[in-house]
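For reference, the structure discussed in these notes is given below.
The values are calculated or read from the model by the stated rules, or taken from the named source; none is laboratory data. Computed from a predicted structure; not experimentally measured. In this analysis, Cβ positions are derived from the backbone assuming ideal geometry, glycine residues included, and neighbour counts consider all displayed protein chains.
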Amino acid sequence: MNSTITSKTLRLPAYLASGLLAMSVLITIAKADTNVALSKPVFAVAGSAQISNPSTPLSVITDGVFTPEDTGYHSSTATDEAVEWGTTDGQAVNGGASNAPTTLEIDLGSLYSIDGAILQGDDNDSYLLQYHDVSDDTWQTLWNVPAISIGYGLRTRPSSDQTTFQSLNPVVTDKVRISATSGDAGLAVSEVQLNGTAALALRIDFTTGQPGILVYGGIGSTNRIEYTTVLPATNWTTLTNIVITNEPTIWYDAGFAGDSSRFYRAVSQ
């Protein structure tokens, strides 16, 4: 049974080979929103030496459980349910050697379209959420998370109801990073939730002389690859059905040579 999807063109770059072939990337996104960060692994990609409670698993920030509002920084509850670290400028707490600023990374394990976020962290500090732009392998701003002047200790942004997501411009990504941008010497994050949907994406590789279509999506999912020779298009031609066994799964279009251009898309089955 086909899943309900929405086709959305996020970018349409043309890739040219010997002036004969133009190709594009289309993304299809399923409609079931959920917290896509739930139970995802978390890594300290910088500044791990500054974490003051290293025995607490970093994955507490993706366990789906909020700490009670106004839980005091470095209290026994916060120490067990949050990741705590030192200053934002990278200097080690209480002197010592300089270290890189602490940065936590959530590996989503697949591509998702994200349009909302919640962060629970220490009240008087500002944080930065960044997303991995898979199109050029850079890190871009997802949300500048503000400090809060009401209450104290661990506070949830954007709302203390712990259910309201900060609305964000939709992005497609496979990883998100969290760091602090300002605050005192005591920083903490206890929960990060990301509202999103599983996404299918295509990228084109032409290094072998024929288009290799790299398909990103849920492992085990079946997706139909289609093409057209002109855009906009009302009729798409099916090329193949691909079961994603790893990300990306690659399929080569050996029949492209008869067309001056081809545009591809993936459709979830």
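Would you say residue 241 is touching a Lys or Arg at 6+ places or on another chain (Cβ under 7 Å), surrounded by fewer than 17 Cβ atoms within 10 Å (Cβ to Cβ) and over 16 Å from residue 204 (Cα atoms)?
Yes: the conditions hold for residue 241.
Are any residues in region 34-79 among the aliphatic types (A, V, I, L, M) and either under 26 Å from residue 165 (Cα atoms) or assigned to a loop (DSSP other than H, G, I, E, B) (or both), and if so, which ones?
Within region 34-79, 36, 37, 38, 42, 44, 45, 58, 60, 61, 65, 78 meet the criteria.
I need the full set of residues from region 139-152 which are modelled with pLDDT of 95 or more and not aromatic (Phe, Trp, Tyr), in order please.
Scanning region 139-152 gives 140, 141, 142, 144, 145, 146, 147.
Residues in region 241-255: is at least one assigned to a loop (DSSP other than H, G, I, E, B), without any contact (Cβ under 8 Å) to a residue 40 or more places away in the chain and over 27 Å from the mean Cα position of the chain (by Cα)?
Taking every residue of region 241-255 in turn, at least one turns out to be assigned to a loop (DSSP other than H, G, I, E, B), without any contact (Cβ under 8 Å) to a residue 40 or more places away in the chain and over 27 Å from the mean Cα position of the chain (by Cα).
With respect to residue 185, is the statement that it is over 25 Å from residue 115 (Cβ atoms), assigned by TED's automatic domain parsing to the domain that holds residue 41 and surrounded by fewer than 18 Cβ atoms within 10 Å (Cβ to Cβ) true?
yes
If I filter region 218-230 for residues that are closer than 30 Å to residue 163 by Cα, in contact with an Asp or Glu (Cβ under 6 Å, 6 or more places away or on another chain) and of a type in the set (Ser, Thr, Tyr), do I get at least one hit?
Within region 218-230, none of the residues are closer than 30 Å to residue 163 by Cα, in contact with an Asp or Glu (Cβ under 6 Å, 6 or more places away or on another chain) and of a type in the set (Ser, Thr, Tyr).
Before we move on, is residue 110 farther than 23 Å from residue 82 by Cβ, out of contact with any Ser or Thr (no Cβ under 9 Å at 6 or more places or on another chain), touching a residue at least 40 places away in the same chain (Cβ under 8 Å) and part of a strand (DSSP E or B)?
yes
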